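Here the structure is laid out as structure tokens; the discussion comes afterwards.
The values are calculated or read from the model by the stated rules, or taken from the named source; none is laboratory data. Remember, it's a predicted structure, so these values are computed and weren't measured experimentally. Reconstructed Cβ throughout: ideal geometry from the backbone, glycine too, with neighbour counts over all protein chains shown.
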Amino acid sequence: MPTTASPPKRWPVHVINMAANVTRMARAAEHLRRAGVSFDRFEAVDGRALGPEALARVYDPVANAQRFRHALIAPEIGCYLSHLALWERLAASDAPGFVILEDDLAAADDLGAVLDALAAEPANGWDMAKLFSLDPAPRMLETRPLLPGRSIGRPWRIPSTTLGYAIRREAAARLAAQALPMARPIDEDHKFFWEHGLTIVLVTPPPLRIGEEAAEAGTIRAARKRATRLTLRGLAPRAWRTLRYRLGYLARLWLHRALGR
């Protein structure tokens, strides 16, 4: 009598959370519980706790000035190091992939079904699958059904967010090997797909959204606003640096997409 193959096992799910952000973790845990998603909490790296020597090992301010629109702040550095630690953990494991989430998420009720469908995807189909986009109607190069009500495909521009994504072990190893010293925030690095050579896809409509952001500590958005207020004298140079970065990125994006990448 023929046997039926068992479905692929759901990949391990990790939620990055700073110890002080108790409310955010509780809200994320409740969303994931309702979606039927088990997870492990991962203690986030606090970039504010890095000393000068540790900071010099992981962050290159000269490359930052050349490759990004502003100097990185401590929470951005800590965020990158948190994801990097999980990439390294995955690369050293025998798991086919991880699902990596940040704690300011809100999840759709079918998130578990989405994660099961991603685990069943062919290994050569993609390297990373993003679960959220700030753009409510992203331009897609192509899409195909993932499960009822959800599609998957390559976005023309990679979403600028790491709220949640699935990543394969080989892709994690590649990103980890070239991550340091960092010069851009992690989500910006993902956008430069021609540098890391990964195929990044997006689930649409996304099964995640940004939750209530009543965080107690360490949020990147709040820290960036404070840094901006403290440097108003540099408004004109900062505006030029931002414009140069955005135009340069779009020019390279158009080129690589025109080449079919």
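List of remarks:
- Filter result for Pro181 (over 17 Å from the mean Cα position of the chain (by Cα), at pLDDT 95 or above and surrounded by 11 or more Cβ atoms within 10 Å (Cβ to Cβ)): yes
- Residue pairs meeting the criteria (Cβ under 7 Å; at least 6 apart or on separate chains; first touching a residue at least 24 places away in the same chain (Cβ under 8 Å) and closer than 11 Å to Leu208 by Cβ, in region 92-117; second among the basic types (Lys, Arg) and surrounded by 24 or more Cβ atoms within 10 Å (Cβ to Cβ)): Asp104/Arg24
- Matching option when the condition is in contact (Cβ under 8 Å) with a residue 24 or more places away in the chain, in a strand (DSSP E or B) and polar (S, T, N, Q), among Ser151, Ser160: Ser151
- Test: residue in region 137-150 that is among the aliphatic types (A, V, I, L, M), at pLDDT 95 or above and within 15 Å of the chain's Cα centre (by Cα): no
- In the set Ala65, Ala71, only one residue is assigned to a loop (DSSP other than H, G, I, E, B), small (Gly, Ala, Ser) and either crowded, with 23+ Cβ neighbours inside 10 Å or over 15 Å from the mean Cα position of the chain (by Cα) (or both); that residue is Ala71.
- Consider region 112-129 and keep the residues that are in a loop (DSSP other than H, G, I, E, B) and over 17 Å from the mean Cα position of the chain (by Cα). The one that is surrounded by the fewest Cβ atoms within 10 Å (Cβ to Cβ) is Pro122.
- Arg41 passes every criterion in (1) in a strand (DSSP E or B); (2) crowded, with 20+ Cβ neighbours inside 10 Å apart from (2).
- Residue that is farthest from Val13 (Cα to Cα) [pool: residues in region 135-148 that are in contact (Cβ under 8 Å) with a residue 40 or more places away in the chain and not hydroxyl-bearing (Ser, Thr, Tyr)]: Leu141
- Within region 85-106, one or more residues are surrounded by 18 or more Cβ atoms within 10 Å (Cβ to Cβ) and in contact with a Ser or Thr (Cβ under 7 Å, 6 or more places away or on another chain).
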